[in-house]
Amino acid sequence: MSAASPRPEPFRIEPIFSPRIWGSRSLAPQFPEKANLAEPLGEAWLSGVDCKIATGPFAGNTLGAAWREMLPEWRGSDLKSAKEFPLLVKFIFPRDKLSIQVHPDDAYAAIHEKAAGGRGKTEMWHIVSAEPGAQLLAGLKPGVTKEKFLEGLAAHTLEALLQAHPAHAGDTFFIPAGTPHTIGANMVVFEVQEYSDLTYRIYDYGRVDAHGKERELHIEKALQVIKFGFSLGGKASPLAIGGSHHTAKLLCACPYFAVERFDFSERREFPADSTHFQLLVILTGRGNLGWPDGAARYQPGECWLVPASLDLAALHPLQPSSVLRAYVPDIATLSDRLHGSGMPAHAIAQSVFA
């Protein structure tokens, strides 16, 4: 292997924290050092292209710069031609409602948002923690037309036209492009999405920033991309994929991403898949991450990239641990594997969205 192609090994990615007017002044327990903050932080981007790599042969580079240098043994054979890093994973820390918003799909973004990367935004949420009464809104109620939507917007009653979902720790929601939505207050959310920051803000509750300015709305574009007349997304039902112990669950999958959750107190292996890299995000617990040529400690809030060609990565917990694994699947292969394991089609359809 040439000097320009370092031997694949896992590496940790440093998060980037983003202020938001709806954010929190404490990000504990995920980030206990982020407490008593002077300004509210709303998001921690764990795999942003501007995030710095903390360990391994690419240490000191941004993830975006490192991606351009990675060969298929790092990326995976299915991603060898991907120009940009494909997954954005983040924590969201709302102490107030987010705006009511919607995201475009790839077809619309490719035509109308070339300057912003031309990529739409389908996403999923996994509720890490939630206070009693927490809820989110996702999708239009049946019968809501564009005319009714505009009437609700003018009357400040838009929330009543969206489907409300109680939010409890462990819940997962799939939010395809074109689905109006908002996350409510007093929860912590883990989000996985297409790598896109295209958001069309529809309603922001009249809030103003520190300078007294209202945030920009994008109502005209939003009306073009909302899928009126369709029931899209909503709560997903995880699939147990961990054998008799049921310690592993497929939370949600679509052509853009798949996310699994592992809860364990003994050694847990994460075999490589030559078609794609994987991101391991630590929700709770501490321990050691080991691979054939090395080892490192892990702790809550961290995101580790495991290369596609690594023979094996294993977590050795010193405390009971909960870990999320995100990757870009071949959705047909994944569906076939689930069918082949004996899972009924109706159960697969509750978490795999092809």
Would you please name the residue that is surrounded by the fewest Cβ atoms within 10 Å (Cβ to Cβ), looking only at residues in segment 130-157 that are assigned to a helix (DSSP H, G or I) and charged (D, E, K, R)?
GLU147
Filter segment 71-86 down to the residues that are within 15 Å of PRO307 (Cα to Cα) and either in contact (Cβ under 8 Å) with a residue 40 or more places away in the chain or hydroxyl-bearing (Ser, Thr, Tyr) (or both) and list them by number.
LEU71, PRO72, GLU73, TRP74, ARG75, GLY76, SER77, ASP78, LEU79, PHE85, PRO86
Does GLU43 count as assigned by TED's automatic domain parsing to the domain that holds LEU87, charged (D, E, K, R) and under 16 Å from the mean Cα position of the chain (by Cα)?
yes
Filter segment 208-237 down to the residues that are surrounded by fewer than 21 Cβ atoms within 10 Å (Cβ to Cβ), closer than 16 Å to ALA349 by Cβ and either modelled with pLDDT of 95 or more or of a type in the set (Gly, Ala, Ser) (or both) and list them by number.
SER231, GLY234, LYS235, SER237
Checked SER309, SER322 against criteria (buried (at least 17 other Cβ atoms within 10 Å of the Cβ), part of a strand (DSSP E or B) and polar (S, T, N, Q)); the one match is SER322
Would you mind stating whether ALA134 is of a type outside the set (Asp, Glu) and without any contact (Cβ under 8 Å) to a residue 12 or more places away in the chain?
no
If we ask which residues in segment 77-129 are part of a helix (DSSP H, G or I) and either under 22 Å from GLY233 (Cβ atoms) or touching a Lys or Arg at 6+ places or on another chain (Cβ under 8 Å) (or both), their number turns out to be 6
For strands (runs of 3 or more DSSP E) lying entirely in segment 190-306, having 2 or more residues that are under 22 Å from GLN135 (Cβ atoms) picks out 200-203, 234-236, 248-254, 257-264
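The values are calculated or read from the model by the stated rules, or taken from the named source; none is laboratory data. All values derive from a computational prediction rather than experimental measurement. Here the Cβ is made from the backbone with ideal geometry for all residues, glycine too, and neighbour counts use every protein chain on show.
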